[in-house]
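Undergrad: Handing you this structure, nothing more for now.
The values are calculated or read from the model by the stated rules, or taken from the named source; none is laboratory data. No experiment lies behind these values; they were computed from the predicted model shown. Cβ placement follows ideal geometry from the backbone for every residue including glycine, while neighbour counts extend to all protein chains displayed. Remember, those area values only see protein heavy atoms, side chains included, never the ligands or the DNA or RNA. Shrake-Rupley method; radii C 1.70, N 1.55, O 1.52, S 1.80 Å.
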Amino acid sequence: MRFAIMGAGGVGGYYGAKLAQAGHDVACIARGDHLRAIQARGMLLRGPDAESVVANVQATDDPGKLAAVDVILFCVKLFDTEAAARAIAPLHSKGGVCISLQNGVDGQHRVSAVLGADRVMGGLAYVSALVEAPGVIRYNSKSSSIRFGEADGKLSERAVRFRDACIAAGIGAEVVSDIRAAQWHKFVGLATNAALTSLVRQPAGVVYHDPDLIALARAAFQEGADIARAMGIALPDDIVERQLANHQAFPPQMYASMYQDLARGRPLELESLSGLIVRKGRELGVPTPVHAMAYACLKPYVGGTHPD
């Protein structure tokens, strides 16, 4: 299959490298020093147990120049969604499907508004990875997976092809029948983890093992779940305890990607994480005090503190 990775940072770069290692035709869309490093040397994939150079990847900053692909993995930061969707429109018009692997729950719909809902799928990325240096992707988990699905819940041919390609490349993959519910299930934890690791400036090994911070985490998980249920989205009754157990099992040194951006002075995805929960809470009459506090405290940093 032919793939384009829109936003070949930690998550996009990792999945692109794994697919290229499996023999697929992969083009990474990147910029700056990261782009130049991939063009010159390929991509270095560095993990807990090994590292490998992935040389058989294209790299460009102009997606319109690429030949048609089967799948575009859309992995840009949420605040770049509309601009990035417009940038890939010429490539997307040649055929294929765009699968959003962004954080949060609104990326798929924002991409669909630009590209058309019939050729966009929502997805979820389960991997901890970042750009350690230009052309170098460090991943911290020994296994990774993707969950994705059509908006109508059907098991389409294009979804099955992508699932099978991922599995053959060593990436766990599942086509889900209710992608919206799956996104909110993850979002309940993701928004909380982004807020707390950013506020505390400490990793999961501290945040989810301190009694006072555990109480905050439980409350924040509950707020996200309350919003989802008020929107008619079905979540497990024990979602809070599931999320806590999941986060307590994270590698002790794991931070949310928003913390990494905060630490590097980059713009934050805050508006689509705690910000979205706060806005939905006001709209639906659901109290969200923990996320409101996180949003207010982190909002001064939302635009970044120095140029990238």
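Undergrad: Among the candidates ARG86, ARG46, ARG41, ARG2, which residue alone is within 24 Å of TYR255 (Cβ to Cβ) and open to solvent by 10 Å² or more (accessible area, probe 1.4 Å)?
TA: ARG46
Undergrad: Given (1) closer than 21 Å to ARG2 by Cβ; (2) open to solvent by less than 60 Å² (accessible area, probe 1.4 Å); (3) without any contact (Cβ under 8 Å) to a residue 40 or more places away in the chain, where does LEU66 come up short, assuming only one miss?
TA: Here LEU66 clears every test but (3).
Undergrad: Could I ask something else about it? So, in the stretch 128-159, of the ones that are of a type in the set (D, E, K, R) and without any contact (Cβ under 8 Å) to a residue 60 or more places away in the chain, which residue ends up surrounded by the fewest Cβ atoms within 10 Å (Cβ to Cβ)?
TA: So the residue we want is GLU157.
Undergrad: Among the listed residues GLY64, GLY12, GLY16, which satisfies the condition of being assigned to a helix (DSSP H, G or I) and modelled with pLDDT under 95?
TA: GLY64
Undergrad: Can you tell me which residue is nearest to GLY170 (Cα to Cα) among those in the stretch 102-127 that are within 16 Å of the chain's Cα centre (by Cα), open to solvent by 20 Å² or more (accessible area, probe 1.4 Å) and not aromatic (Phe, Trp, Tyr)?
TA: Filtering first and then ranking leaves VAL127.
Undergrad: Considering each residue of the stretch 160-180, count those that are loosely packed, with under 15 Cβ neighbours inside 10 Å, closer than 22 Å to VAL105 by Cβ and either out of contact with any helix residue (DSSP H, G or I) (no Cβ under 8 Å at 6 or more places or on another chain) or hydroxyl-bearing (Ser, Thr, Tyr) (or both), and give that number.
TA: Adding up the residues that qualify gives 2.
Undergrad: Looking for whichever is closer than 30 Å to ALA225 by Cβ and at pLDDT below 95 here; the options are ASP49, ASP118, ASP106. Which one fits?
TA: Residue meeting the stated conditions: ASP106.
Undergrad: Working only within the stretch 222-243, note down all residues that are farther than 13 Å from PRO289 by Cβ and either open to solvent by 60 Å² or more (accessible area, probe 1.4 Å) or under 20 Å from the mean Cα position of the chain (by Cα) (or both).
TA: Scanning the stretch 222-243 gives ALA225, ALA228, ARG229, GLY232, ALA234, ASP237, ASP238, GLU241, ARG242, GLN243.
Yes or no, residue by residue, for (1) closer than 27 Å to PRO203 by Cβ; (2) of a type in the set (Lys, Arg); (3) in contact with a helix residue (DSSP H, G or I) (Cβ under 7 Å, 6 or more places away or on another chain):
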{"position": "GLY42", "(1), (2), (3)": "no, no, no"}
{"position": "LEU45", "(1), (2), (3)": "yes, no, yes"}
{"position": "CYS75", "(1), (2), (3)": "yes, no, yes"}
{"position": "LEU78", "(1), (2), (3)": "yes, no, yes"}
{"position": "ARG86", "(1), (2), (3)": "no, yes, yes"}
{"position": "ALA89", "(1), (2), (3)": "no, no, yes"}
{"position": "GLN102", "(1), (2), (3)": "yes, no, yes"}
{"position": "VAL111", "(1), (2), (3)": "no, no, yes"}
{"position": "GLY123", "(1), (2), (3)": "yes, no, no"}
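Undergrad: Moving on. Say whether the condition of being surrounded by 14 or more Cβ atoms within 10 Å (Cβ to Cβ) and at pLDDT 95 or above is met by at least one residue in the stretch 249-256.
TA: The answer is no, given that none of the residues of the stretch 249-256 is surrounded by 14 or more Cβ atoms within 10 Å (Cβ to Cβ) and at pLDDT 95 or above.
Undergrad: Scan the stretch 211-227 and report the pairs whose first residue is without any contact (Cβ under 8 Å) to a residue 24 or more places away in the chain and whose second residue is open to solvent by 40 Å² or more (accessible area, probe 1.4 Å) and assigned to a helix (DSSP H, G or I), with Cβ atoms within less than 9 Å and a gap of 6+ or a chain change.
TA: What qualifies is LEU213/VAL200; LEU213/VAL206.
Undergrad: Give the stretch 268-308 a look and list any residue that's part of a loop (DSSP other than H, G, I, E, B), under 23 Å from GLN202 (Cβ atoms) and open to solvent by 50 Å² or more (accessible area, probe 1.4 Å), or say none.
TA: THR305, HIS306
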